[in-house]
Amino acid sequence: MDERNNNNCPLCRQEFYTKKSKRVAEEQLTSGILKIYAERQILETLPCPMCGEKMDSNIYHNASCRLVKGLYVCSDCGMLQAIMAFEFRECSVLSYFIISEIIKDD
């Protein structure tokens, strides 16, 4: 029996393995999900991945996410990320609205 933890992406079903910890696998998994979400944001208006609220229909009028390159968040969440960075507080993508919704639906 394999002692490694495994996680499957609920979108593409790619498997992520880690011997270190489940948290590392979750971070790889969520990173993949958010990259797919970022690609879709350019093509259609989606809710903010961080809070779930409506974003500006012009993607470039929103805030660039500080944690995932190419991902946009609403202006309020962009401001929150900036304040958290200024205060040296950690922000994890595991708490993002879109991640909780996808994992809940799986």
Mind giving me the nanometre distance, one decimal, between the label points for residue 57 and residue 89, set 7 Å out from Cα along Cα→Cβ?
3.4
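Could you order the peptides 35-48, 61-74 from most to least packed, using the average number of other C-beta atoms within 10 Å per residue?
On the way: 35-48: 14.2, 61-74: 18.1.
So the peptides 35-48, 61-74, ranked by packing, come out 61-74, 35-48.
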Quick query: amide H of residue 72 versus all other amide H atoms, modeled in the peptide plane; which residues come in under 5 Å with a sequence gap of 5 or more or a different chain?
65
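Computed from the coordinates by the stated procedures, all read-outs in this text should not be read as laboratory data. Predicted, not measured: the structure shown is a model, and the values here were computed from it. Cβ: placed from backbone, ideal geometry, glycine included. Neighbour counts: every protein chain shown.
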